[in-house]
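Just below is one structure, and these are the notes that go with it.
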Amino acid sequence: MPHPVVEQVTAALEQRSATRRQRYLERLRSAAAREPRDRLGCSNLAHALAAQPEQARLIIRQGGAPHIAIVSSYNDLLSAHAPLRDYPERLKRSLAQQGATAQFAAGVPAMCDGITQGQAGMQLSLFSRDLIAQATAIGLTHGIFDGALYLGVCDKIVPGLLIGALAFGHLPAVFVPAGPMHSGLPNKDKAAVRQRFVRGEASRDELLAAELAAYHQDGTCTFYGTANTNQLLMEVMGLHVPGSAFVHPHTPLRDAMTDEAARLVARNSRQGERYLPLGEQVDARVLVNAVVALLASGGSTNHSLHLPAIARAAGYELTWEDFAALSKVVPLLARVYPNGAADVNQFQAAGGPAWIIRELLGADLLHAEVPTVAGVGLAAYAREPWLDAGRLAWRELPAQSSAPDIVRPAAQPFAEEGGLVLLSGNLGRAILKTSAVDPAHWWVRAPARVFDSEAAVQAAYAAGALRGDLVLVVRFQGPRANGMPELHRLMPLLANLQQAGQQVALVTDGRLSGASGQVPAALHLTPEAAAGGPLARVRDGDWIELDARRGVLRLEVDEAALDAREAAAAPAGLAEGFGLELFAAQRQLVGPADQGASTLSWDCVE
């Protein structure tokens, strides 16, 4: 029986979402009942089969065998997605062994936040999630498939694929990752060079050498940011082959797990032995499990945006209050950079997602008996995969971890509460990641220094103008203003100020994601400045209190005085050039951060 708070949050989620969820399921079942391939005209079907090998044509024409869509985010610009190049053909061969067929249905766009960090292109990052969902739908809307394999890894890509997949929730789904690159320069050493560079103590050549040593081959980056948090969440949501999150690319074990993904999607199709529609699989219990695992692992703050958006796609209204309630009872079980020194390869060697899931199951903090692509129940995800005489198998983890500085048992956690907290007050509501912040810095009260761009902060720092204790306010960084870019370039300079003895914090309607560091940062503040939020009325010298323990974010300005102030206007030319003009409609349509900052409308299921 799950923990009482887990039960309460799940019950509240189901109750507030009852009408929305019922309409979603009705739409899903209606789609399943249409059996579109049987209704396709001869010309329609001929177009679909025109480029297929003769054997595949015969199988599809005869019917009775699964026909699977492959949707991939492959490109060789993203190191994490470069290994996916050869997956479609491998998956087709594996499906053929199951008597099934497959077609590459859609390639979805995938951008790298690391490449666009601090650049104008970062303004498209969050919007790309919903575009990926739409691109997924375009591939699936041909109406000839019985299931789908979704190939993706990084920040907005997996949430976008899942949102798109849920729009076709009558189809079974398996998500197929590629795995992390091997460890390079330790993340802590890389961060130290970045801080030295900001202080003028390291050259550009030295900085570039360090970055190249950290990001040095294909595979996912090795810090526990949004990309790797995606993979852990796909495990606990039962959407992966068990244990496949952090297996290296180009290894026999990875190949075996990719083959297994093909077998499972065929088995879970309508023509298989166990029909498992994705939209029925992803229910309130699965969403709560995802939040619990996010908190227990100290995962990316981006998922306080993505999980509510995913929930809405499945007919649920997941709130930040749900996150906050769970955080009070979910312990922190992992220390992975930026929450610790270890990278994801070391995390995997210490037990990885399987350790987290096993411990959470043992503490009754997860719904155990949920449907997964591998069967019923999460116990299968609490074991590690291996090759037994060349055959894929799973085995139990050791009872004790060999690396207690990386993972801990639920009875002896790193912290009694989870890695995220909800802050509220007269500035609005924000998310703060505590797992990487020393508790000595969980409370900050200091004068505001207000900026309207990341570049302006950098200029002030370079000029030596950020002196004394301060709360750095960076506004007009929300989804309506400029697409809500990540503000990673603030982290090294804020860390330097903190290390120099200043009391510092960040308050912003922008994002930092999984790389949120050692400085307390109130992120995703809503309502955002561009939507008329109080942040637009904050002035230099106003005192702000941030208290992670009490969940308080408070501007020490009288309400009447604040209301009487004229709101600052967004800087001119915020979203110009680099194709940003093409996304003007998204900036106008996007919803608030606490509802997922989505540009998609769910009116059809509300």
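What follows is calculated from the coordinates using simple rules that are stated; it is not laboratory data. Please read these numbers as outputs of a predicted model, since none were measured by experiment. Every residue, glycine among them, receives a Cβ derived from its backbone with ideal geometry; neighbour counts consider all protein chains shown.
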Requested in this report: Go through segment 94-107 residue by residue and turn each phi into a ³J(HN,Hα) via Karplus (6.51, -1.76, 1.60, θ = phi - 60°); whole Hz please, and just put x for glycine and proline.
Outcome: 5, 5, 4, 5, 9, x, 10, 10, 8, 9, 6, 8, 7, x
Requested in this report: Collect residues whose amide H, placed 1.01 Å from N in the peptide plane, falls under 5 Å from the amide H of residue 367; neighbours closer than 5 in sequence don't count.
Outcome: 289
Report task. Quick one: order 72, 297 by neighbouring beta-carbon count within 10 Å, fewest to most. Result -> 72, 297
Report summary line: For the residue 51, residue 183 Cβ pair and Förster radius 41 Å, calculated FRET efficiency rounded to 0.05 is 0.50
Query raised in the report: What net charge do the residues around residue 541 carry, taking every other residue with its C-beta under 14 Å from that of residue 541, with Lys and Arg at +1 and Asp and Glu at -1?
Result: +2
Query raised in the report: Here are several values of log10 I(q)/I(0) by the Debye sum over Cα atoms at q = 0.06, 0.10, 0.12 Å⁻¹: (i) -0.53, -1.01, -1.27; (ii) -0.30, -0.84, -1.21; (iii) -0.33, -0.93, -1.31. Which one was derived from the coordinates shown?
Result: (ii)
**Report entry** Cα-based reach from residue 190 at 27 Å (exclusive), listing lysines while leaving out same-chain residues under 8 positions away
**Finding:** 156, 433
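Can you give the FRET efficiency for residue 469 and residue 582, using 1/(1 + (r/R0)^6), R0 = 56 Å, r = Cβ-Cβ distance, to the nearest 0.05?
Values: r = 42 Å, r/R0 = 0.75.
Once the sixth-power term is evaluated, E becomes 0.85.
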Report task. Rank by packing, highest mean first: peptides 519-532, 557-570, with packing defined as the count of other Cβ atoms within 10 Å averaged across residues. Result -> 519-532, 557-570
Report summary line: Simple SL model, points at 7 angstrom along Cα→Cβ for residue 389 and residue 369; separation in nm is 3.5 nm
Report task. Hey, can you grab everything whose amide H is under 5 Å from the amide H of residue 372? Only 5+ residues off in sequence or another chain; H modelled, so Pro and N-termini drop out. Result -> 377
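Could you work out the percent of alpha carbon pairs in segment 420-574 separated by over 20 Å, rounded to a whole number?
Working: 5021 of 11935 pairs.
Result for the distance tail: 42 percent.
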Query - 12 Å Cα-Cα reach of residue 328 towards aspartates and glutamates, excluding residues that sit fewer than 8 places from it in its own chain - result: 416, 417
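Of all DSSP beta bridges located in the chain, what percent are antiparallel, nearest 5? Please list the in-between numbers first.
Details: 27 of 57 bridges.
Bridges in the chain are about 45 percent antiparallel.
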Query raised in the report: Mind listing the phi-derived Karplus ³J(HN,Hα) values for segment 327-337, rounded to whole Hz, using 6.51, -1.76 and 1.60 with θ = phi - 60°, and x for any glycine or proline?
Result: 4, 5, 10, 9, x, 8, 10, 9, 10, 10, 3
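Could you sort the peptides 490-499, 87-96 by per-residue average Cβ neighbour count (10 Å cutoff), highest mean leading? Let's see the in-between values first.
Values: 490-499: 20.7, 87-96: 18.6.
Result, highest mean Cβ count within 10 Å first: 490-499, 87-96.
Using r as the Cβ-Cβ distance of residue 558 and residue 33, and R0 as 56 Å, what FRET efficiency do you calculate, to the nearest 0.05? Could the numbers behind the result be given before it?
Values: r = 60 Å, r/R0 = 1.07.
The formula returns an efficiency of 0.40 here.
All other residues with a Cβ under 11 Å from the Cβ of residue 227 taken together, and with Lys, Arg as +1 and Asp, Glu as -1, what is their net charge? Spell out each step's value before the answer.
On the way: positive: 156; negative: 113, 155.
Net charge in that neighbourhood comes out at -1.
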Query raised in the report: Can you list the HN-Hα couplings for segment 201-216, worked out from phi with the Karplus curve (6.51, -1.76, 1.60; θ = phi - 60°), rounded to whole Hz and with x for Gly and Pro?
Result: 9, 10, 7, 4, 4, 5, 5, 5, 4, 5, 5, 5, 6, 7, 10, 10
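Assign unit charges at the C-beta atoms only (+1 for Lys and Arg, -1 for Asp and Glu), then state the dipole size of segment 378-429 relative to its Cα centre in Debye, rounded to the nearest 20. If you can, show how the numbers build up before the last one.
Values: 5 positive and 6 negative charges, 34 e Å.
The dipole magnitude comes to about 160 debye.
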Query - Taking N as its residue count, the alpha carbon Rg of segment 460-501 over 2.2 N^0.38 Å - result: 1.33
